[in-house]
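The values are calculated or read from the model by the stated rules, or taken from the named source; none is laboratory data. In this text the structure is predicted, and so the values were computed from the model without any measurement. Positions of Cβ are generated from backbone atoms using ideal geometry, with glycine treated the same way; all protein chains shown enter the neighbour counts.
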Amino acid sequence: MQAGPEASWSGNSPRRFVVVGVDSPDMSLVALDGLTKRYPGDVVALDGLTLTIEPGIVGLVGANGAGKSTLVKILLGLLEASAGSARVFDLDVTTQRQAIRQLVGYMPEHDCLPPDISGSDFVNHMARMSGLPRAAARERTAEVLRHVGLFEERYRPMGTYSTGMKQRVKLAQALVHDPRLLLLDEPTNGLDPAGRDEMLDLVERTGTGFGISIIMASHLLGEIERVAQYLVAIDSGHLLRAAHLDTFTQRTGTLIVEVDERGAELGARLGADGLTTRADDTQVLVELQGDQTYDQVLREVAALGLALVRLEPRRSSLEDLFRDPAPAAEPDEAVPA
Amino acid sequence: MSTYPSGGPAGEVRGGSIYDLGYRGYEGRRLGRRGALTALVAHSLRTAYGLGRSARSKVVPVGITVLAVLPSTLALGVLMLVNAVGAPGEAFEAISPIRYATLFPMIASLVFLFCAAQAPELFGRDQQTGVLPLYFSRAIGPLDYALARVLGLYLSLAVLVAAPYLLLLIGRVLVAADLFVGLQEELPSLLPAAAMGLLVVLTVGSISAAVASLTPRRAYSTAAIIGVFLITNVGATMLVSFDTGVFGQVAALLSPSDVLDGANSYLFDIRPTNVIVANAGNERFTYVLTTAVWIGGALAVLLYRYRTLRV
């Protein structure tokens, strides 16, 4: 990467932030190099993390204590790394903190809302703390509160809010200064299933089409799978996996054939036809070699006189990602889905 | 590592309700760190007086300010009465108990109370509610935050301390037979009054800020601030009245309220009414110097606290 990139936020600059000296399409969102964080008492939260993340909606997944929050805090400059380096928009997190903070919004996991202040006053104050002028702060506050779906409630003290409303205010304050990157730490924490759905919708809507990238930390694979385009899995401070979700949730080239009985027999016959199969009594997995594979399966099922319950290409789920032999550790235990 | 397009075309909105006009960006001016600092100072000043908060949170700060201007109001009332009977002479001035020089000892406990009530609002609350990471991930860092907060406290104290002095000044000028002569007579008192006000604001403000930042929980914080001013005063009183010599001398300097009394008697060049200052045996100028030590020490503690605070 060329030297001396500079984020420019002058009044009449175009909406997307301008990076001087760097060809922006190639620019990474986050670049970590041997990032290590040790806490006193020899607790290693991050252990030599090396990774490049491209712009988009990124899921950061790992069990509680895997190092997600530590990583987020280092990216924000709230914590100093013990070793290695981290760059956000190609700006160094230790030396160019100020520039990064203009570009980043942070929604923490923990409770952070003073109970006796109204949501509107709070978000407005946080906009001022990001350096927005008075009138602009007011305008942006109204705008983001509407975006997150907080209407009349905004004038009530936040102590009276439901968990869902609180999470919305937390998201609103992270968005109020129009950042280019949102760091969300467990945004669905404490929400009921409906609230969870709404929050994930909101995250997805925010991260799609407004030039805002999102890094969302979660210990729930299902949530990441739903909104993220890219996945980073860490466990005990190590990088477990980093890849596009497409790679994992698209067709795998395997057919699932479910029959009422004698699955093993069907598997054997398909195997004799030259297809690779794996079978138990009711389910046969068949390697898909083309459209003719469907016909072959149907023929054999008919020949055996079996009842066909299901025939469809298998989509691998995110869990497979952790079942696949990963370079690092025991992934299944690391990330409960 | 391969890439993929980030998001769809600009302005695309999916699955919104009819209220949702989509997210809009911000292209306007950004004032950066300086803008945020100024806003935080103003916010702190407002918070100290309960502005933008419930009516209940205005009761204490406004009530204390009203109490603080009572002596001056009283003095002006008496002055007007005396004026009505005849011109107040030197003799009246000498016996009048409420003068610039005697104002500070009268309002001192109100200043301490104000800090005990309001410094926790400025320094403890944010630690309790967990909002600090939101500040520190924005345009300002921990040290900026601490400085802006303490500046806000100084300003709110300046209002509290300046009000009685200014009321007395303006009142006396207006009551005087000739406005110009009146002004001329009052001006010499203006400098020591301003210096004294500044010392009070900086000393009491810095100490209260440091104590409040170390004790996030409100109840403890209030008690600790009162304690610092009260217990040191009690200690000094005991050591000085038992005539312990150098111990008494040091104890007087370790008690901020007595240090300020001593500075007051130096600045207005009056005989100290405070028994500790009168009997401890310190040079009166020492008290002025000691305020600087207290201010510096308290600010160092405050900044250290925020620099090492884990958020």
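So for region A:250-261 (the condition being under 30 Å from A:Ala194 (Cα atoms) and either within 14 Å of another protein chain (Cβ to nearest Cβ) or without any contact (Cβ under 8 Å) to a residue 40 or more places away in the chain (or both)), does at least one residue qualify?
yes
Against the condition in a helix (DSSP H, G or I), touching a Leu at 6+ places or on another chain (Cβ under 7 Å) and within 25 Å of A:Leu76 (Cα to Cα), how does A:Leu171 come out, does it pass?
yes
Which ranges mark the helices (runs of 4 or more DSSP H) fully within region B:238-311 that have 3 or more residues being over 18 Å from B:Phe104 (Cα atoms)?
Values: elements: B:246-254, B:256-267, B:275-280, B:284-308.
By residue number, B:246-254, B:284-308.
Residue check, A:Val58 against (1) β-branched (Val, Ile, Thr); (2) buried (at least 17 other Cβ atoms within 10 Å of the Cβ); (3) not in a strand (DSSP E or B), all met but one. Which one?
Every listed condition holds for A:Val58 apart from (3).
Quick one: in region A:195-213, which of the residues that are facing chain B (nearest Cβ under 10 Å) and of a type in the set (Val, Ile, Thr) is surrounded by the most Cβ atoms within 10 Å (Cβ to Cβ)?
A:Thr206
Considering only residues of region A:73-116 that are assigned to a helix (DSSP H, G or I) and of a type in the set (D, E, K, R), which is nearest to A:Leu132 (Cα to Cα)? Even if it seems obvious, please write down each step before you answer.
Narrowing region A:73-116 to residues assigned to a helix (DSSP H, G or I): A:73-76, A:97-103.
Subset that is of a type in the set (D, E, K, R): A:73, A:97, A:101.
Values: A:Lys73: 23, A:Arg97: 18, A:Arg101: 13 Å.
So the residue we want is A:Arg101.
Under 7 Å between Cβ atoms, at least 6 apart or on separate chains: pull out the pairs that start in region A:198-221 with a residue that is farther than 15 Å from A:Gln167 by Cα and end on any residue that is part of a loop (DSSP other than H, G, I, E, B) and at pLDDT 90 or above.
Short answer, once both residue conditions are applied: A:Gly211/A:Arg180; A:Ile212/A:Pro179; A:Ile212/A:Arg180; A:Ser213/A:Leu29; A:Ser213/A:Pro55; A:Ser213/A:Gly56; A:Ser213/A:Arg180.
Of the residues A:Asp121, A:Asp90, which is on the phi > 0 side of the Ramachandran plot and of a type in the set (Asp, Glu)?
A:Asp90
Go through (1) surrounded by fewer than 22 Cβ atoms within 10 Å (Cβ to Cβ); (2) at pLDDT 90 or above and name the single condition A:Pro25 misses.
With respect to (1) surrounded by fewer than 22 Cβ atoms within 10 Å (Cβ to Cβ); (2) at pLDDT 90 or above, A:Pro25 is out only on (2).
Please determine whether any residue of region B:145-163 is of a type in the set (Lys, Arg), buried (at least 24 other Cβ atoms within 10 Å of the Cβ) and under 13 Å from the mean Cα position of the chain (by Cα).
There is at least one residue in region B:145-163 that is of a type in the set (Lys, Arg), buried (at least 24 other Cβ atoms within 10 Å of the Cβ) and under 13 Å from the mean Cα position of the chain (by Cα).
Grab the helices (runs of 4 or more DSSP H) fully contained in region B:60-164, keeping just those with 2 or more residues being over 30 Å from A:Leu183 (Cβ atoms), at pLDDT 95 or above and not hydrophobic (A, V, I, L, M, F, W, C). It would help to see each step written out before you state the result.
Working: elements: B:90-95, B:100-123, B:125-129, B:132-136.
Fully inside region B:60-164 and qualifying: B:100-123.
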